[in-house]
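Report on the following structure.
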Amino acid sequence: MISGDLDEAARSILRANDRGGYTVPNGRVYPFQWNWDSAFVALGFDTFDRDRAWTEIETLFNAQWDDGFLPHIVFWKDDPGYFPGPVVWGTDKQPVTSGITQPPVAATSIRKLWESAKAAGEAEAYRHRLDALFPKLLAWHRWFATYRDPDQRGVVVATHPWETGRDNSPEWDAPGEPIDVSGVGDYVRRDTSHLDSKMRPTKLEYDRYLALVQFGRSTGWDHARIAAENPFRVADVGMSMILLRANRDLAALADELRNPDAAAEIRGWVARAEQGIGWLWNDEVGAWCSRDLLTGRSSGFITSASFLSFYAGLHDAERDVATLANFDRIAGMVEFVMPSLDPADPGFQMIRYWRGPVWAVVNYMIGTGLAEFGDEGRAGRVRADTLELMRRNGFYEAYSPIDGTGSGGDDFSWTAAIWLAWSKGH
Ligand code: GLC
């Protein structure tokens, strides 16, 4: 296919998955609004429908809770084809939502949308929308500082593997072991009726996911109690890097809006992260890894999230050299970077969720960070591989790094959005 066809194909996926103000990641497998999916989808819309791009994120924030929490799923309309649905979460909110969050990409996307509106001479038309979104973004980031970093270490503590967006990463295996699954009861999964079970988490992993949902529900989704008592608390390297980046972008927006108090508060979080995030560096493997808050143990897994330090704006000569050496080693083992798990790891599986496949959105963040760092060579490799995967195989949820086979759902919104964003130089 020539690139013009692909632009149109990507746009029609976004239009087809548009449910009126929000976009489903994939109509069959994921029939609701997902948090970080929408943040990326907005970048795709921005290349052909600026108003619709802003609406995507505004709709997401219409589901924000009073304490600033922004859910990972918004169940605008129920759909029996999905499990666990609204009843299982039992959050008792209107609209009904899940009770966990997802990686905070929205502030970074809004900054992009704002810059793009300004460049098009439309700042005046969008300024009031930025004004309205800013306090909501700030409230969400304040919620992170309060409830997802209770010890004020400058990291993000995930309370559920699904919160990290890298649902089935081996990083959650050891921290998940102590979770008591004896009370989970019977349930019928829906993911394995849409997708090959070889790609999906095992029964034990799923039991743990549900035990954590049941724990949250038993507290009435009391975020203070969850922060203090949840049986799974892991400082996620991915979310920690993404929040650090998002706080830098939010501070820039605060400057733009001439809000020095907010800017100072946000820069306080940035400073804390810059001081504390070194706790996630694993010297033995020479990589950024997640760390279990309860045992203090580093996962030791090199994943695609290990390469987000450039996106986070972190610079440390020795760590950068080690990180880039791992990048080159892995790049030499696969046809398409960046696999979600180091192919040298015995647990690497080229199509199982977050244990091998490449996700376009993670590549987008890695590539953006490397380009900002001035590493055009590696940034170019990430970008070229990502676009080539889509050219060869269409817009899948994820792809095998070895042979490019698509995995998960097809006609996937955020994959199409990354095609549009990257081919338009976003
Ligand atoms: C899967 C991914 C998650 C994503 C969701 C919808 O659950 O692991 O990151 O948000 O699908 O695309």
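Within the range 167-187, the only residue that satisfies the criterion of being hydroxyl-bearing (Ser, Thr, Tyr) and in contact with a Ser or Thr (Cβ under 8 Å, 6 or more places away or on another chain) is Ser169. Within the bounds of the range 13-28, is there any residue that is within 23 Å of Leu253 (Cβ to Cβ), within 16 Å of the ligand (Cβ to nearest atom) and open to solvent by 10 Å² or more (accessible area, probe 1.4 Å)? Scanning the range 13-28 turns up at least one residue that is within 23 Å of Leu253 (Cβ to Cβ), within 16 Å of the ligand (Cβ to nearest atom) and open to solvent by 10 Å² or more (accessible area, probe 1.4 Å). Within the range 176-183, is there a residue that is hydroxyl-bearing (Ser, Thr, Tyr) and either in a helix (DSSP H, G or I) or open to solvent by less than 50 Å² (accessible area, probe 1.4 Å) (or both)? Checked the range 176-183: no residue is hydroxyl-bearing (Ser, Thr, Tyr) and either in a helix (DSSP H, G or I) or open to solvent by less than 50 Å² (accessible area, probe 1.4 Å) (or both). Residues in the range 247-288 that are aliphatic (A, V, I, L, M) and within 25 Å of Arg127 (Cβ to Cβ): 11 in all. The listed residues are Phe32, Phe40, and the only one of them that is crowded, with 16+ Cβ neighbours inside 10 Å, within 18 Å of Gly425 (Cβ to Cβ), within 16 Å of the ligand (Cβ to nearest atom) and among the aromatic types (Phe, Trp, Tyr) turns out to be Phe40. Among all residues of the range 156-163, there is none that is part of a helix (DSSP H, G or I), more than 15 Å from the chain's Cα centre (by Cα) and of a type in the set (Asp, Glu).
Residues in the range 272-289 that are over 22 Å from Ala106 (Cβ atoms) and either of a type in the set (Ser, Thr, Tyr) or touching a residue at least 60 places away in the same chain (Cβ under 8 Å) (or both): Gln275, Gly276, Trp279, Leu280, Cys289. Of everything in the range 311-361 that is within 15 Å of the ligand (Cβ to nearest atom) and basic (Lys, Arg), the residue that is nearest to Val155 (Cα to Cα) is Arg355.
When the range 370-426 is examined, which residues are found to be of a type in the set (D, E, K, R) and surrounded by fewer than 19 Cβ atoms within 10 Å (Cβ to Cβ)? Residues satisfying the conditions are Glu372, Asp375, Glu376, Glu388, Arg391, Arg392, Asp403, Asp410, Lys424. The number of residues in the range 198-256 being free of Cβ contacts under 8 Å to residues at least 24 places away in the same chain and in a helix (DSSP H, G or I) comes to 9.
Hey, among the residues in the range 399-415 that are in contact with an Asp or Glu (Cβ under 9 Å, 6 or more places away or on another chain) and assigned to a strand (DSSP E or B), which one's farthest from the ligand (Cβ to nearest atom)? My answer is Gly406. When we screen Arg189, Arg111, Arg153, Arg142 for residues that are in a loop (DSSP other than H, G, I, E, B), away from the ligand (no atom under 16 Å from the Cβ) and open to solvent by 10 Å² or more (accessible area, probe 1.4 Å), the only hit is Arg153.
Using the structure shown, decide if Pro161 is more than 15 Å from Leu243 (Cβ to Cβ) and within 14 Å of the ligand (Cβ to nearest atom). Criteria met by Pro161. From the list Leu389, Leu420, exactly one residue is more than 15 Å from Val41 (Cβ to Cβ), touching a helix residue (DSSP H, G or I) at 6+ places or on another chain (Cβ under 9 Å), outside any strand (DSSP E or B) and more than 16 Å from the ligand (Cβ to nearest atom). Which is it? After ruling out the rest, the residue left standing is Leu389. For first residues located in the range 340-362 and touching a residue at least 40 places away in the same chain (Cβ under 8 Å), partners that are in a loop (DSSP other than H, G, I, E, B) and among the basic types (Lys, Arg) and lie 6+ apart or on another chain with Cβ distances below 7 Å form the pairs Ser340/Arg166; Ser340/Arg355; Leu341/Arg355; Gly347/Arg355; Tyr353/Arg200; Trp354/Arg166.
Annotation: of all residues in the range 294-320 being assigned to a helix (DSSP H, G or I) and free of Cβ contacts under 8 Å to residues at least 60 places away in the same chain, the one that is least open to solvent (accessible area, probe 1.4 Å) is Asp320. The residues listed here are Leu204, Leu195; of these, the one that is at pLDDT below 95, hydrophobic (A, V, I, L, M, F, W, C) and more than 16 Å from the ligand (Cβ to nearest atom) is Leu204.
The values are calculated or read from the model by the stated rules, or taken from the named source; none is laboratory data. If you're wondering where the values come from, they're calculated on a predicted model, not measured in any experiment. So basically every Cβ, Gly included, is an ideal-geometry build from the backbone, and we count neighbours across all protein chains shown. Ligands, DNA and RNA are stripped out before the accessible areas are found, and what is left, the full protein with its side chains, is counted by its heavy atoms. Shrake-Rupley method; radii C 1.70, N 1.55, O 1.52, S 1.80 Å.
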